[in-house]
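Derivation of every value follows stated rules applied to the coordinates shown; laboratory data play no part. Bear in mind the structure is a predicted one, so any value in this text is a computation, not a measurement. Every residue, glycine as well, gets a Cβ built from its backbone with ideal geometry; the counts of neighbours run over all protein chains shown.
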Amino acid sequence: MYQEKLDAFPSSFLWGAASAAYQIEGAYDTDGKGPSIWDEFTKIEGKTFEGTNGDVAIDHYNRYKEDVKLMADMGLKAYRFSVSWARILPDGEGRVNEEGLAFYENLVDELNKYGIEPVLTLYHWDLPLALQEKYNGWESRETISAFKEYCKVLYERLGEKVRYWVTFNEQNVFTSMGYRWATHPPNVTDTKRMFEANHIINLANAEAIVLFKEMVPNGKIGPSFGYGPVYPLTADPSDVLAAENAHEFSNSWWLDVYCKGRYPVAVFKQLERKGIAPTVTSEDKALLKKAKPDFLGINYYHGGTVKQNKIEKPAQENEQDKKFSSTDPYLMQPKEEQSQSPEIPMYQSLDNPYLEKTEWGWEIDPVGFRLALRQVYARYDLPIFVTENGLGAKDVLTEEGEINDDYRIDYLNQHVVEMKKAITDGVEMIGYCAWSFTDLLSWLNGYKKRYGFVFVNRTEQDEKDLKRIPKKSYFWYKDVIEQNGENIK
Ligand code: BGP
């Protein structure tokens, strides 16, 4: 849809930036924090880039005041961060660690002092190790009770100070990486177990929302989902059907549960045929129906392109048939053919011939962002908070001490324009958090792949002085915020 003039961003629009505890905090065993599954996983040889881990990360735990000051100087309106569950409950349940709680309370106070809206993510992947060891983590319903306990502590302590809450970050990503591809903890390769664990997490998400409504009536809560639109390679109706299959499998499989309280039927039946559907009781169904998010958090990096399954139409060997790498989290696709692969009868993934890629092979697709916002809003009728979007790149610190990341400005600008078009289309939006505020530890890519507005002076092996240096994009975003996006064209 062509629009001659774009609507302005709402005056309350939250221009923000995001992070996650394990990727920034460091202080992995300080002040009574218990270990998480990531503390353990990163120590397994060969799992992360050059063996990087979050033991120190960017030392945000000790430097949060400096980081928040940089946010304030930029004029940031919102800051999304996650709480490390094992700081609050070192054993995942039971004993509460006051020092851990104090850290987040201080952080929130610091943000509020400058008028920066805190956006708190309850779970950004760092499950307390104790729960993994004791109950097998998300494969057991005991972990749901532990999660409720943890939520209760935070709702009680921070419910008055934090308005926006995110339950789970990218459930689609951490379940597939963790239980199917063994590229995240708990290092499992079993599709059946993945779907069972995913169902347990759906229940935990629902319980957290139900409890929130009782305890924090003035707050807003929702999950953050890694969404990507799916394109058919051609107008061949079989390819269009394949795209619908892929969409239901990669997006609706989660979003329908969050918003409609039920699984999409065609995918569920496909999993049943394969013998890998999750076990869903009637109590589960009632709980899922009861929990309604107030908004949807959308993390957008890219979508995917598919064509008809190769059983009905075997693939010809050409460049287009290159399979997606298993580390691409946004479109589930088998790296090697697993007997349990439910995708094989549904679709096959390809590169999109119209899109360029980042250095890490992620397609760059700003129009897909508008499409994502439109699709999600039309289907679920909830306000959208973009909780992540950004460009991972190798930044260079010049001899003058500058980082001229014009490529990042260009990327973000293109995406913000498309968001403005989506707003003009009528999509109700709360805000936009770029990923990320400072540079931080990329889960699997160390410090080579950077996203921040603020450079952090360290490498994989050398912690250096961890100095914070605003990049060129920092000043660009400052300007965008100041003008409430008026300068975005
Ligand atoms: C999302 C995660 C973030 C962040 C981002 C970039 O999936 O929610 O935590 O890691 O992706 O990912 P990467 O560092 O792998 O490029």
Subject >> ³J(HN,Hα), Karplus 6.51/-1.76/1.60, whole Hz, each residue of segment 248-254, x for Gly, Pro >> reply: 5, 6, 9, 10, 5, 3, 9
Subject >> Residues 141, 157, 450, 87 arranged by fewest to most Cβ contacts within 10 Å >> reply: 141, 157, 450, 87
Subject >> Local electrostatic count, residue 10, Cβ distance below 12 Å [Lys/Arg +1, Asp/Glu -1] >> reply: 0
Subject >> 10 Å-binned pair-distance histogram of the chain (Cα, whole percent) >> reply: 4, 20, 32, 29, 13, 2, 0
Subject >> Proximal lysine pairs, segment 245-291, alpha carbons under 18 Å, eight or more residues apart or interchain >> reply: 5
Subject >> Interchain or long-range residues, amide H under 5 Å from residue 390's placed H >> reply: 435
**OP:** List the residues whose amide H sits under 5 Å from the amide H of residue 36, counting only those 5 or more places along or on another chain, with H placed 1.01 Å from N in the peptide plane.
**Re:** 129
Original post:
Which whole-angstrom value gives the distance between the alpha carbon centres of segment 128-152 and segment 30-92?
Top reply: 20 Å
Subject >> Relative contact order computed over the chain (Cα-Cα under 8 Å; 6+ residues apart), in percent >> reply: 17 percent
Original post:
Arranged by the count of other C-beta atoms within 10 angstrom, fewest first, what order do 433, 151 take?
Top reply: 151, 433
Subject >> Debye log10 I(q)/I(0) for segment 361-485, one point scatterer per Cα, at q = 0.10, 0.13, 0.23 Å⁻¹ >> reply: -0.36, -0.58, -1.35
Original post:
Applying the Karplus parametrisation 6.51 cos²θ - 1.76 cosθ + 1.60 with θ = phi - 60° to the phi angles of segment 137-152, what ³J(HN,Hα) value in whole Hz is obtained for each residue in order, glycine and proline being reported as x?
Top reply: x, 6, 8, 10, 5, 4, 5, 5, 5, 4, 5, 4, 4, 4, 4, 4
Subject >> segment 344-435: C-alpha gyration tensor shape, a/c 1.5 cut-off, then a/b vs b/c >> reply: oblate
Original post:
Residue by residue through segment 344-349, which ³J(HN,Hα) values in whole Hz follow from phi under the Karplus form 6.51 cos²θ - 1.76 cosθ + 1.60 (θ = phi - 60°), with glycine and proline marked x?
Top reply: 3, x, 9, 5, 10, 8
Original post:
Using the Cβ atoms and a cut-off under 12 Å, what net charge is assigned to the surroundings of residue 93, where Lys and Arg are +1 and Asp and Glu are -1?
Top reply: +1
Subject >> Formal net charge of residues neighbouring residue 426 (Cβ-Cβ distance under 15 Å; K, R +1; D, E -1) >> reply: +1
Subject >> Residues with amide H under 5 Å from that of residue 428, placed H, sequence gap 5 or more >> reply: 384
Original post:
In which sequence would 362, 85 go, from the one with the fewest C-beta neighbours within 10 Å to the one with the most?
Top reply: 362, 85
